[in-house]
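These notes concern the structure reproduced below.
The values are calculated or read from the model by the stated rules, or taken from the named source; none is laboratory data. Keep in mind it's a predicted model, so treat the numbers as computed, not measured. Don't worry about glycine lacking a Cβ; one is built from the backbone with ideal geometry, like all the others, and counts go over all protein chains shown. Each accessible area value is taken on the protein alone, full model and side chains, heavy atoms only, with ligands, DNA and RNA left out. Shrake-Rupley method; radii C 1.70, N 1.55, O 1.52, S 1.80 Å.
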Amino acid sequence: QGTRDHPPAHTALRDRLLAAVVACFKRHGAVAIDTPVLELRETLMGKYGEEAKLIYELQDQGGELLALRYDLTVPFARYLAMNKITNMKRYHIAKVYRRDNPATTRGRYREFYQCDFDIAGQFDPLIPDAECLKILHEILSDLQLGDFLIKVNDRRILNGIFAVCGIPESKFITTCCTVDKLDKVPWEEVRSEMVGEKGLSPEAADHIGEYVQLHGGLELIERLLQDPKLSQNKLAKEGLGDMKLLFEYLTLFGITGKISFDLSLARGLDYYTGVIFEAVLLQQENDHVEEPVSVGSVAGGGRYDGLVGMFDPKGRKVPCVGVSIGIERIFSILEHRMKASGEKVRTTETEVLVATPHKHLLAARLKLISELWGAGIKAEMLYKKDPKLLKQLQYCEDTGIPLAAIVGEQELTDGVVKLRDVATRVEVRM
């Protein structure tokens, strides 16, 4: 079905990852919001370009046509417009749904989590955009996924390139969707689709190819600012000027070593208006397995200044920029790594198992565990009247519980508890 069950080990791993992501979002001052899984169909349509075919549409619900949310960005824009909010820094972690061809080995599902961070409001250029890239850099560094690269581009630069290559404006978005495939297929296939399916002339396609295969840093931005054709195009000039400013801020943040200005990056969604970015892992190989784990991009985002205005009755715009972390794909990588290394994931946070060495001591266990729970300590006990001590200690080892609080007849007489470190087997009386 392209969806998956989450066994305890996976859920524990997911919670650990999500906690790291949320900590980063909160560190940057974001507040949490939540929006419904269901949206009006008309809210979602016309926002995703060719990807709209992946929206799950529902049957008529008494006159309402509904759909499951495709991402967390469009519902956020609708939320801002409905509540007349013009300034907000938020995060949202929730499931989204896509009627896609699943590829479970690559972390591609029909139901999956997204982790979004967005800044809405009228601010000086590129400062919020730079912060989104800094957040993305922080999260990918914190999760220790290996080497990564964040590609950045600007929709205005792409549109400027299309214009100077003779592409009519009506074909900008569809050409963008084709260029976006360059990270998955070679240029020859992309060119073939442009000419064969999208109706571009071979000359125009070749001209686009000269630009979209370029990548670099500030030196490339400077070179394109001097390009005789692009420098005459208003959109491209604006985009390149902003890209130069963005790189200045990213230099101050100290993260340009992981950033590449990449003209092949297009992001296929309709709503992007300015800076766009995407993060890819560079080292997905694992020494323990024969084939590398390849899951494509693990995060992406960009600026979408026109989206809120689509939902406002008076068309009032709220500039926005955001980043989305593809946490499900990151799960896939870490799961493969842990499986290959034989590492086990603790599925509970239990700190202590309350144990007894003799029969007829269930009452003592119940009293002690109640005391521990009341003190906010994470504790468990086995649901047997008279379990063997060896079995109780084995349960600690199997589940990774670090401590056993043992209360026997002697301990009851002395008014103490024997605390045992399960790993070292050292015991202290308390």
Q | Selection within the range 404-423 - over 12 Å from Thr356 (Cβ atoms) and surrounded by fewer than 18 Cβ atoms within 10 Å (Cβ to Cβ) | A | Thr413, Asp414, Gly415, Val416, Leu419, Asp421, Ala423
Q. Does any residue of the range 154-169 turn out to be under 30 Å from Asp5 (Cβ atoms) and in contact (Cβ under 8 Å) with a residue 12 or more places away in the chain?
A. no
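Of the residues that sit in the range 1-10 and are open to solvent by less than 70 Å² (accessible area, probe 1.4 Å) and in a loop (DSSP other than H, G, I, E, B), which one is modelled with the lowest pLDDT? Talk me through it step by step, then tell me what you get.
Filtering the range 1-10 down to residues open to solvent by less than 70 Å² (accessible area, probe 1.4 Å) leaves 2-4, 6-7, 9-10.
Right, trim to in a loop (DSSP other than H, G, I, E, B) and you get 2-4, 6-7.
Values: Gly2: 65, Thr3: 72, Arg4: 71, His6: 73, Pro7: 79.
Among those that are open to solvent by less than 70 Å² (accessible area, probe 1.4 Å) and in a loop (DSSP other than H, G, I, E, B), it is Gly2.
I'd like the full set of residues that are part of a helix (DSSP H, G or I) and either β-branched (Val, Ile, Thr) or outside the structural domain of Cys115 (by the TED database) (or both), limited to the range 11-57.
If we filter the range 11-57 for residues that are part of a helix (DSSP H, G or I), which is where we start, we get 11-27, 41-44, 49-54.
Those that are part of a helix (DSSP H, G or I) and either β-branched (Val, Ile, Thr) or outside the structural domain of Cys115 (by the TED database) (or both): Thr11, Val21, Val22, Thr43.
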Q: Hey, could you check the range 165-188 for residues that are surrounded by 20 or more Cβ atoms within 10 Å (Cβ to Cβ) and in contact with a Lys or Arg (Cβ under 8 Å, 6 or more places away or on another chain) and say which is farthest from Glu203 (Cα to Cα)?
A: Asp180
Q) In the range 96-147, how many are over 14 Å from the mean Cα position of the chain (by Cα) and free of Cβ contacts under 8 Å to residues at least 12 places away in the same chain? A) 3
(Q) Against the condition open to solvent by 20 Å² or more (accessible area, probe 1.4 Å), in contact with a Phe, Trp or Tyr (Cβ under 9 Å, 6 or more places away or on another chain), assigned to a loop (DSSP other than H, G, I, E, B) and under 28 Å from Asp180 (Cβ atoms), how does Arg78 come out, does it pass? (A) no
Q: May I ask you to list the residues in the range 127-147 that are open to solvent by 10 Å² or more (accessible area, probe 1.4 Å) and either outside any helix (DSSP H, G or I) or of a type in the set (A, V, I, L, M) (or both)?
A: Ile127, Leu143, Gln144, Gly146, Asp147
Q. Could you say whether any residue in the range 89-105 is under 24 Å from Lys314 (Cα atoms), of a type in the set (Val, Ile, Thr) and in contact with a Leu (Cβ under 8 Å, 6 or more places away or on another chain)?
A. no
(Q) I'm told Val195 meets every condition in (1) part of a helix (DSSP H, G or I); (2) among the β-branched types (Val, Ile, Thr); (3) in contact (Cβ under 8 Å) with a residue 40 or more places away in the chain except one. Can you identify the failing condition by its number? (A) (3)
